[in-house]
Amino acid sequence: MAEAYDQIVIGGGPGGYVAAIRAAQLGQRTAVVERDKAGGRCLNYACIPAKTVLRTAEIFHEAANGAEIGIVAKDVEIDWKALEETQRDPLFGSKRNPLFGDPPQRDMSVNDGDTITLGDTTLKLYVIPGHTLGTLATVFTLHDQGQAHRAVAWGGTAYNFGPLPDRLQLYSDTTVKYRAVLKQEGADMFLSNHASFDDSIAKMATLRERKPGQPNPFVVGQDAVQRFLTILGECALATKASIGEGTAGK
């Protein structure tokens, strides 16, 4: 027998299940449709496993360069095979999940301005440390009522790495650098993978009620994009000042 739902969320990733939980809290009868495992691609294959690899790289760097703080380790290397085993999906044994392709070739890195073309859309990539070293921002063109706009998806918005002055300074320096980059790009739309940071839920609600001739709420203008980056950088410096220069860690 068919069941009726007020909301059906497609995808059980961190965005999907959070939205479903909130809808249920608001009294909506809600279902989540996920073709693979709960948590989706982000939790099981992409974002979270990638942070494991990045953490391995950080430990490797610290071990290889620890002499300055009295730690000397010789012949430090990464066992890639062992690292890959930590990422393997136990449901498929020695095989990869058939839903997803092979991992990218190692020793490939993204440089500022590199592009990826998907169909008719080209995404330009920029390296931004953000809250995680290796975070990327993407800039691409979107169209609204026949008019082209340049959108930036900024990753790693929060400071989730603890009271580390060097990282906060790097974060601030990054925002200064990319204010110039995004001004040259003409970015007038700001997007975030965190819906609470770019107010996207409210904007989507506004978009549904949009009348002909009314502005697109996602088009915030170049000045707003610049102000956003300025605030991010200034908050990083304020946080650095509040914890003091002598705080240990990098």
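The values are calculated or read from the model by the stated rules, or taken from the named source; none is laboratory data. Bear in mind the structure is a predicted one, so any value in this text is a computation, not a measurement. Cβ coordinates were reconstructed from backbone atoms using ideal geometry, including for glycine residues, and neighbour counts include every protein chain displayed. Surface accessibility is based on the protein's heavy atoms, side chains included, excluding ligands, DNA and RNA. Shrake-Rupley method; radii C 1.70, N 1.55, O 1.52, S 1.80 Å.
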Condition test on G70, is it open to solvent by 60 Å² or more (accessible area, probe 1.4 Å) and of a type in the set (G, A, S)? yes
Specify the residue that is surrounded by the fewest Cβ atoms within 10 Å (Cβ to Cβ); the eligible residues are those in segment 1-48 that are touching a residue at least 60 places away in the same chain (Cβ under 8 Å) and more than 26 Å from A202 (Cβ to Cβ). R35
Qualifying residues in segment 120-129 (those that are touching a helix residue (DSSP H, G or I) at 6+ places or on another chain (Cβ under 7 Å) and part of a loop (DSSP other than H, G, I, E, B)) - the one surrounded by the fewest Cβ atoms within 10 Å (Cβ to Cβ): P129
So is K183 in contact (Cβ under 8 Å) with a residue 60 or more places away in the chain, open to solvent by 30 Å² or more (accessible area, probe 1.4 Å) and among the charged types (D, E, K, R) or not? no
Any idea how many residues of segment 132-160 are in a loop (DSSP other than H, G, I, E, B) and open to solvent by less than 30 Å² (accessible area, probe 1.4 Å)? 6
Single unsatisfied condition, D107 versus (1) on the phi > 0 side of the Ramachandran plot; (2) at pLDDT 80 or above; (3) exposed (fewer than 14 other Cβ atoms within 10 Å of the Cβ): (2)
Residue in segment 190-236 that is surrounded by the fewest Cβ atoms within 10 Å (Cβ to Cβ), counting only those that are among the basic types (K, R) and in a helix (DSSP H, G or I): R208
List pairs: first in segment 186-214 and under 22 Å from K124 (Cα atoms), second of a type in the set (D, E, K, R) and open to solvent by less than 40 Å² (accessible area, probe 1.4 Å), Cβ under 6 Å, 6+ apart or cross-chain? F190/D198; L191/D198; S192/D198
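Any idea how many residues of segment 49-78 are of a type in the set (K, R), closer than 23 Å to G13 by Cβ and free of Cβ contacts under 8 Å to residues at least 40 places away in the same chain?
Narrowing segment 49-78 to residues of a type in the set (K, R): 51, 55, 74.
After this cut, where a residue has to be closer than 23 Å to G13 by Cβ as well, the list is 51, 55.
Next, only the ones that are free of Cβ contacts under 8 Å to residues at least 40 places away in the same chain stay: 55.
Matching residues across segment 49-78 total 1.
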